[in-house]
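Participant: Please find one structure pasted underneath; my questions will follow.
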Ligand SMILES: C[S@@+](CC[C@H](N)C(=O)[O-])C[C@H]1O[C@@H](n2cnc3c(N)ncnc32)[C@H](O)[C@@H]1O
């Protein structure tokens, strides 16, 4: 009798065969472009506290072959653990980090679903877990989210990216059609891609999708053994079932306020015009009061404003050298002119909000929303 692998085994085999993503080892990332991966910045955003650098702990849950590198750039002092099912991805990620001089990341092979039981993770808790592009490949997503919940510290943050039904509609339809045609190997798939006629839905999709330009991207799109999609309602139900609450969406076009973004997406989904995957920060429901207390303190008292540590490291000493971080939060970044570089430089040492000149307040607010600046309770205020 033919033995078929279980779905998790098939997913692992897929990523052993197709290292993902497929960047050359020399591909580098500018320090300033990692500002949205900085733990200090997000911890201050949601919890209003400064985290001692040496205590910071980050877990990359389903790290793939590349993400440990930008995360290490963004968080040089943090203890970073990179977990993945696939040894091939882990080997490649380690090599990439080493090639670029980052040697501190711990690489662990294992399944997120049973991660809390792994010897190397037993008893560990993290401030930030990044699970980007992974949950939609896990058949038992509830078990995976429960596992991640148990690995978070109090106030801990989980960033997720999952496929939305709208964004993946064409990819899923093509994937189903290829399965029905019995196309299971990359060589067969590439042959079909070469033959796809101009003007066909398949050709249009290939041309519009950067993933289709490289082998492991093509395999991820169309040959993946398990790839599900989510409507917003399904995503919110899944989070609810695992005691997470959505905190902030950061996909392209997302509104800053969570409730408004939920309403906006629900409306666009109804007209089948939502074409973005979901990217969002979530937190444990049991920490809601900590976050709410920070929001109350922020508006009533006098918080400190500081530079995002990544922007601080990137801010040129010579103000005529431009600083231009790539947008990462779903909107175009406010421009950083020579004059505003001088304004940003004033926050190398934290400044009380009440000490801002009225003329600077508007720009400071824009830089706060863009995460170039961060706000936190001053040490004299206890949350
Ligand atoms: C699409 S890749 C995303 C990689 C990375 N997070 C990124 O954004 O570049 C999905 C990754 O999740 C890993 N993965 C899938 N299921 C997993 C599981 N149950 N436990 C751990 N890793 C898993 C795969 O091996 C693969 O490296």
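Residues are listed down the side, and each one gets a yes or a no for (1) more than 20 Å from residue 211 (Cα to Cα); (2) away from the ligand (no atom under 16 Å from the Cβ); (3) assigned to a loop (DSSP other than H, G, I, E, B); (4) touching a residue at least 40 places away in the same chain (Cβ under 8 Å):
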site	(1), (2), (3), (4)
22	no, no, yes, yes
36	yes, no, no, yes
49	yes, yes, yes, yes
60	yes, no, no, yes
64	no, no, yes, yes
70	no, no, no, yes
73	yes, no, no, yes
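Participant: Have a look at 221, 192 and point out the one that is surrounded by fewer than 19 Cβ atoms within 10 Å (Cβ to Cβ), in contact with a helix residue (DSSP H, G or I) (Cβ under 8 Å, 6 or more places away or on another chain) and farther than 30 Å from residue 288 by Cβ.
Facilitator: 192
Participant: Right, something else. If we keep just the residues of the stretch 254-275 that are over 19 Å from residue 237 (Cα atoms) and touching a helix residue (DSSP H, G or I) at 6+ places or on another chain (Cβ under 6 Å), which is modelled with the lowest pLDDT?
Facilitator: 275
Participant: For the stretch 171-182, which residues satisfy the criterion of being crowded, with 16+ Cβ neighbours inside 10 Å and free of Cβ contacts under 8 Å to residues at least 12 places away in the same chain?
Facilitator: none
Participant: Just give me the residues in the stretch 116-149 being more than 12 Å from the ligand (Cβ to nearest atom), in contact (Cβ under 8 Å) with a residue 12 or more places away in the chain and assigned to a loop (DSSP other than H, G, I, E, B), in sequence order.
Facilitator: Passing the criteria: 124, 125.
Participant: For the stretch 96-115, give me each residue that is on the phi < 0 side of the Ramachandran plot and either more than 14 Å from the ligand (Cβ to nearest atom) or modelled with pLDDT under 95 (or both).
Facilitator: 98, 99, 100, 102, 103, 104, 106
Participant: Among the residues of the stretch 26-33, are any within 15 Å of the ligand (Cβ to nearest atom) and buried (at least 20 other Cβ atoms within 10 Å of the Cβ)?
Facilitator: Within the stretch 26-33 (the criterion being within 15 Å of the ligand (Cβ to nearest atom) and buried (at least 20 other Cβ atoms within 10 Å of the Cβ)), the answer is no, since none of the residues qualifies.
The values are calculated or read from the model by the stated rules, or taken from the named source; none is laboratory data. Bear in mind that the values here come from a model prediction, so they are computed numbers and not experimental data. As a convention, Cβ positions derive from the backbone with ideal geometry for all residues, glycine included, and neighbour counts pool all protein chains shown.
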